[in-house]
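What follows is a single structure, written as structure tokens, with notes after it.
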Amino acid sequence: MTPPALFPRRYRDLTILDLEAQRSLVIACDSAGAIGPKEADVVRVPGYVLGRFTARVALMEVLAVGAWPVCIVNTLCVEPEPAGAAIREGVADEVRSLGIDPEKALTGSSEKNVPTIQSGIGITVIGLATTAELLIGRLAAGDALALFGRPKVGTEVFLDDPEIADLQTVRLLLDQPGIREIVPAGSRGILAEARDLAALYRLQINWRPGLSELDLHKSAGPATCILAAGERAALEAAGLRAGKPFCLLGTLEKTVPWRWK
């Protein structure tokens, strides 16, 4: 059997597989350990909440580049009942929030051989996109950079917090003309994500003065905030509609080559 001539490429935390001239698979994943309801968990939260947030991160990553999730893989390191069932229901509800039927799109496995005393979960999301419509490679010098939501982590994170970004925030940004790239921020923090984004385009960030109230180094946990880049007016329009904390961070500029003087 001859394997198909398909060669994946990496873009940020994503793996992209071009199926043909017009369609691409986009693959993202996320994991969590020692967070959950078990006795050895460091951060104690219900399994349902763990499932919601872990699924949200991977779904956000796929949506953010303009792909639509078609398969969600839920790999649990806990027993099927009761811990596994609670986590799976959280994952299923996060999938349902996009109007996707989890009975058709969600699959997975759990630990059935040994007892577990600590929670662990992995989520992989596979999305399908029209290649030409992927939000990749569109930024240029002069584009603005903004933040939606607030970085939160650990015990600061809860489902009904109006300050954190969610899947609907991503969809709103996708619907706003003039926004050219969307990046969910995670455990590495806002500064690292912003610098990596600028570096992809060989640009640098001219940070707006007065950002001292925002901790750019803090972990954003399960993608509690989102970086978006593009036209300033488009970002501000989305900021008015999103119902989340909004902040212009600065602009992307060309790097100045270093020369001997």
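Read the figures in this text as sums done on the coordinates, not as results from a lab. For clarity, every value in this text was computed on a predicted model and none was experimentally measured. Cβ: placed from backbone, ideal geometry, glycine included. Neighbour counts: every protein chain shown.
According to the calculation over all Cα-Cα pairs in the stretch 1-120, the P(r) per 10 Å bin from zero is 13, 39, 29, 15, 3, 0 %. Using a 7 Å offset from Cα along Cα-Cβ at Val114, what residues in the stretch 19-63 end up with backbone N under 19 Å from the label point? It comes to 32-35, 38-42, nothing else.
How big, in percent, is the set of alpha carbon pairs in the chain lying more than 36 Å apart?
Tail fraction, whole percent: 16.
Comparing Gly108, Gly84, Gly51 in a Gaussian network model of the chain, where Cα atoms under 10 Å apart are tied by springs, the biggest mean-square fluctuation is seen for Gly108.
Sequentially through the stretch 185-201, phi angles give Karplus couplings (6.51, -1.76, 1.60; θ = phi - 60°) of 8, x, 5, 7, x, 5, 4, 5, 5, 5, 5, 5, 4, 4, 5, 4, 10 Hz, Gly and Pro residues having no value and appearing as x. What you get for the chain, charging only the Cβ of Lys and Arg (+1) and of Asp and Glu (-1), is a dipole of about 980 debye around the Cα centre. Each Lys and Arg Cβ is given +1 and each Asp and Glu Cβ -1; about its Cα centre, the stretch 160-261 then shows a dipole of about 680 debye.
When only alpha carbons are used to place a centre, the stretch 80-146 and the stretch 198-244 end up 24 Å from one another. Pairs of alpha carbons in the stretch 178-261 separated by more than 16 Å make up 56% of all such pairs. Would you list which lysines come within 24 Å of Lys244, measuring only between C-alpha atoms, while excluding same-chain residues fewer than 8 positions from it? Within the straight-line cut-off, Lys244 pairs with Lys152, Lys218. DSSP beta bridges confined to the chain are antiparallel in about 90 percent of cases. Using the Cβ-Cβ distance between Ser31 and Ala233 with R0 = 45 Å, the FRET efficiency computed as 1/(1 + (r/R0)^6) comes to roughly 0.75.
For the chain, what is the mean residue ellipticity at 222 nm derived from helices alone (per DSSP H run of n ≥ 4: -39500 (n - 2.57); sum divided by total residues; nearest 500 deg cm²/dmol)?
-7500 deg cm²/dmol
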